[in-house]
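**Q** Here it is, the structure in full.
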Amino acid sequence: MRILYDHQIFSSQVYGGISRYFCELMNRFSICGEDFELSLRYSNNHYLKNSSFSKHKMFFEQYHFRGKNKLPNFINKQNSIKRLKLGEYDVFHPTYYDPYFLEYIGSKPFALTIHDMIHEKFPKMFPTNDKTSEWKKLLASRAAKIIAISENTKQDIIKFYGIEEQKIEVIYHGNTLRVNKYINLPSGLPEQYLLYIGDRHIYKNFKSFIPSVSQLLDENKNLNVVCGGGKKFDSDEEELFKELGIRERIHHFQISDDAMLVCLYKNAVAFVFPSLYEGFGLPILEAFSCGCPVILSNTSSLPEIAGDAAAYFNPYEVGSMNEQIRKVIYDEELREELKEKGSERLKSFSWEKTAKQTKEVYDRCV
């Protein structure tokens, strides 16, 4: 069996969970000798840089200019169309939701991975001309099989799209973080801090998280908050920090590689994930792998992934968040228990298992 992957996510993402997912999947297939092709000519994707399975070239990696992504995306799309027309594959797996391929695929089956339903749950976050939800729904109806990355995501797909349950397979992610990579503490990293990782969009609930910990920061002058990744703080966030009198206690660090990320997890008092919605929640596994206690929202897929290896709060209640964070940071015995449970829980997730189950889905497609 030959599988064809297209260019989509690798034309748009340098970093990101979806491109990392496909890289990990293809890397495992490469190791075990599965027959597949990634139709890609140009990409600056970080996870593809050292891959043995992709023959792409970098595209002006060190330069930034208006419209930089348009040309490689156009070239990549034409290359994907060429590979689709040749028909030298048994199953097609698009890496995002653009339905351009439907007119070229003929009778060949395709599998579709749906990573979350954020566009459907939080439509006001996106421009009115954003077609992601429309495209996703179309492809979901036409796909031979749908892969959902959690049971919660599967139920959301059924709820929003009315897709029959037997068409959807739940396949979890594995842990991506290479914990053997470690660097010296970056300059300015405080000695005691709560860790927040990733973007701070509306549904990520960051602006509720900060007020919930401000009282803790007032009480404990050694405690800080470190935000890893995402953009620099915007003016609204800066204003919030100042209003709460904690501007000097909130720090932002760009994450340049896995070693930096491991460093942030390993030295944190705890990792806090206040998100209102996640399709899976890879940072949970990252924290587990680094021995970092985890404190989570009790919503969406997060309890499904973390099980009993995390402390939970109601993300809609600042008091609930404050209470659980306080409980964990001041209870050394509880933190050690969460570390042990996290290490054990991590054993349930692996990219080898993901690849094996995904190959079984491809087999069922044909």
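Here, each number is a calculation from the coordinates, and none is a lab measurement. It should be emphasised that the depicted structure is a prediction, and the values quoted were computed from it without experimental measurement. Glycine also receives a Cβ, built like all others from the backbone with ideal geometry; neighbour counts cover every protein chain displayed.
**Q** Sorted by average packing, counted as other Cβ atoms within 10 angstrom per residue and highest first, what order do 218-231, 259-272 take?
**A** Taking the mean over residues of other Cβ atoms within 10 Å, the ranking is 259-272, 218-231.
**Q** Between 0 and 90 degrees, rounded to the nearest ten: what's the tilt of helix 258-267 against the longest Cα principal axis of the chain?
**A** Relative to the chain, helix 258-267 is tipped by roughly 30 degrees.
**Q** Treat the count of other C-beta atoms within 10 Å as a stand-in for reagent exposure and order Ile149, Ile158, Ile329 from fewest to most.
**A** On the way: Ile149 26, Ile158 15, Ile329 21.
The most exposed by this proxy come first: Ile158, Ile329, Ile149.
**Q** Helix 17-32 sits at what angle to the longest principal axis of the chain, using alpha carbons and giving 0 to 90 degrees rounded to 10?
**A** The angle comes out near 60 degrees.
**Q** If we count other beta carbons within 10 Å of each Cβ, what is the order of Leu102, Leu4, fewest first? Walk me through the numbers on the way to the answer.
**A** Numbers: Leu102 14, Leu4 24.
Least to most surrounded, the residues fall as Leu102, Leu4.
**Q** What is the spread of the Cα atoms of the stretch 1-40 along each of their three principal axes, largest first, in whole Å?
**A** The Cα atoms of the stretch 1-40 stretch 28, 16, 10 Å along the principal axes, largest first.
**Q** Do the alpha carbons of any pairs in Lys121/Lys204; Lys77/Lys136; Lys266/Lys356; Lys108/Lys359; Lys221/Lys327 sit beyond 20 Å of each other, and which pairs?
**A** Details: Lys121/Lys204 13 Å; Lys77/Lys136 18 Å; Lys266/Lys356 30 Å; Lys108/Lys359 16 Å; Lys221/Lys327 17 Å.
Those over the limit are Lys266/Lys356.
**Q** In debye, nearest 20, what is the charge dipole magnitude of the chain about its Cα centre with +1 on Lys and Arg Cβ and -1 on Asp and Glu Cβ, if you could check?
**A** On the way: 48 positive and 48 negative charges, 312 e Å.
Here the chain has a charge dipole of around 1500 debye.
**Q** Summing +1 for each Lys or Arg and -1 for each Asp or Glu, what net charge is found among the other residues whose Cβ lies under 12 Å from the Cβ of Arg335?
**A** Working: positive: Lys327, Lys339, Lys341; negative: Asp331, Glu332, Glu333, Glu336, Glu337, Glu340.
Taking every Cβ under 12 Å from that of Arg335, the sum is -3.
**Q** Which of the three applies to the stretch 55-160, rounded, prolate or oblate, going by the alpha-carbon gyration tensor with a ≥ b ≥ c and a/c under 1.5 meaning rounded?
**A** Details: a/c = 2.10, a/b = 1.20, b/c = 1.76.
In terms of gyration-tensor shape, oblate.
**Q** Looking at the chain as a GNM with Cα springs under 10 Å, which of Leu338, Leu194, Leu86 has the largest mean-square fluctuation?
**A** Leu86
**Q** Under 17 Å from a label point 7 Å along Cα→Cβ of Lys207: give me every residue in the stretch 232-256 with its amide N that close.
**A** 232-245
**Q** With the alpha-carbon atoms as the only input, what is the per residue convex hull volume for the stretch 215-298 in Å³?
**A** Details: hull volume 10.3 nm³, N = 84.
Given the Cα convex hull of the stretch 215-298, per-residue volume reads 122 Å³.
**Q** Would you work out which of Asn298, Gln215, Asn314 lies farthest towards the positive end of the dipole of the stretch 192-346? Charges go on Cβ: Lys and Arg +1, Asp and Glu -1.
**A** Projecting each Cα onto the dipole axis, the largest value belongs to Gln215.
**Q** Calculate, for Glu243 and Ser107, the FRET efficiency according to 1/(1 + (r/R0)^6) with r their C-beta to C-beta distance and R0 51 Å; round to the nearest 0.05. Spell out each step's value before the answer.
**A** Details: r = 60 Å, r/R0 = 1.18.
The calculated FRET efficiency here is 0.25.
**Q** Compute the Kirkwood hydrodynamic radius of the chain, taking the inverse of the mean of 1/r over all pairs of distinct Cα atoms, and give it in Å to one decimal. Show your work: numbers first, answer last.
**A** On the way: mean 1/r = 0.0459 Å⁻¹.
Kirkwood hydrodynamic radius for the chain: 21.8 Å.
**Q** What spacing in nm lies between the two simple spin-label points modelled at Gln155 and Met1, each 7 Å away from Cα in the Cβ direction?
**A** 2.9
**Q** Dividing the alpha-carbon Rg of the stretch 192-346 by 2.2 N^0.38 Å yields what?
**A** Working: Rg = 14.2 Å, N = 155, 2.2 N^0.38 = 15.0 Å.
Cα-based Rg divided by the globular estimate yields 0.95.
**Q** Additional query: Using alpha carbons only, how many degrees (0 to 90, rounded to 10) separate the axis of helix 332-346 from the longest principal axis of the chain?
**A** Long axis of 332-346 versus the principal axis of the chain: about 10 degrees.
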